[in-house]
Each structure stands twice: as structure tokens, then as C-alpha cells.
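Each value in this text was obtained by applying a stated rule to the coordinates, not by laboratory testing. Since this is a predicted model, take the numbers as computed values, not measurements. Cβ sites come from the backbone with ideal geometry, for glycine too, and all protein chains shown count toward neighbours.
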Amino acid sequence: MEVVYAKETPSILKAKEKLLLAGIRTFGTKHVEALETIVQKESSFNYLSVNKTSGACGYFQFYPCSKMKCELTDVDCQIEEGMKYIKKRYGNPTNALEFHINHGWY
């Protein structure tokens, strides 16, 4: 029996690294784990993710997708918009994750 391991594409890995580094620059290392958890829950670190039911899209599952103000393929813009959203609405990813846990969305 052959064992096959799922692999992330190099572009997904590079984009994930960019996102986490941007999170560290914006919020510090204290909040990187919460940021990672949020993005994992929302999009599994797939910047091309689109929710089939709601139409929410991208790393942070912007809803509606037009709220993101950039193309789905523009990773840098998605990251910038996501950091702005979290900072403005919650102050930091830890607060955003706490809200997510309590409400099922953020």
C-alpha cells in the first residue's frame, strides 16, 4: 500500500509565510498564534478560497467578497486588508479569535 501525503503548493506556503510575517509586524509575536488559528479556521490558508454558500472569499473570508477591495489573486492586498480589519474591529488577533470562539464568526 502506497502512502500519499497531501502537500501544500509552494505558492500557498509562500503566501502563508507572508501573512504570518505581516501579522508579526502588525501585532507582534504575542498574537501570531491567534492569527494563524483564525486564518486556518476561515480559509485553511488558501488565499483563493471562496465559500460556496455565502460567497465570502480569501484568507479572511471577506463578506461580501467586494469588501476586500482587491482581486482574489492579490495576496499582498488581502493580507493588508485583513490586518486593517482585525486591527480596526478587534485591536488584535487574540481579541478577534476570542470573539470568533464565542460567536462562530468574526
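For the pair Glu98 and Thr37 in one chain, pulling the backbone fully straight at 0.36 nm per residue adds 20.9 nm over the alpha carbon distance. Annotation: aspartates and glutamates with alpha-carbon distance below 19 angstrom to Lys16 (same-chain offsets under eight excluded): Glu8, Glu33, Glu36, Glu42, Glu71, Asp74, Asp76, Glu80, Glu81.
Remark: spin-label model distance Asn46-Thr73 equals 1.8 nm, labels positioned 7 Å along the Cα→Cβ axis.
Going 7 Å from the Cα of Leu21 toward and past its Cβ, which residues in the stretch 45-81 have a backbone nitrogen under 20 Å from where you end up? Answer for this model: 45-48, 59-60, 73-81. Using amide H atoms built in the peptide plane, which far-off residues or other-chain residues are under 5 Å from Phe62 H to H? Those qualifying (amide H under 5 Å, at least 5 residues apart or on another chain) are Cys57.
From least to most packed, judged by other beta carbons within 10 angstrom and beginning with the fewest, Ile101, Ile12, Ile86 follow the order Ile101, Ile12, Ile86. If each of Tyr63 and Arg89 carries a label point 7 Å out from its Cα toward its Cβ, how far apart are those two points in nm? About 1.0 nm, to one decimal.
Would you compute, from DSSP H runs of 4+ residues alone, the mean residue ellipticity of the chain at 222 nm, taking -39500 (n - 2.57) per run and dividing by the full residue count, rounded to the nearest 500?
On the way: 4 runs with 57 residues, N = 106.
Only helices count here, giving -17500 deg cm²/dmol.
Using Cβ contacts closer than 10 Å as the measure, can you line up Tyr106, Tyr85, Tyr59 from fewest to most? The most exposed by this proxy come first: Tyr85, Tyr106, Tyr59.
Coupling constants for the stretch 33-41 follow from the phi torsions by the Karplus curve (6.51 cos²θ - 1.76 cosθ + 1.60, θ = phi - 60°), and in residue order they are 5, 5, 4, 4, 5, 4, 5, 4, 5 Hz; glycine and proline get x. Here the dipole of the chain is about 340 debye; that uses its Cα centre as origin and unit charges on the Cβ of Lys and Arg (positive) and Asp and Glu (negative).
Using only the Cα atoms, what convex hull volume per residue in Å³ does the chain have? Could you put the intermediate results ahead of the total?
On the way: hull volume 13.4 nm³, N = 106.
So the per-residue Cα hull volume is 126 Å³.
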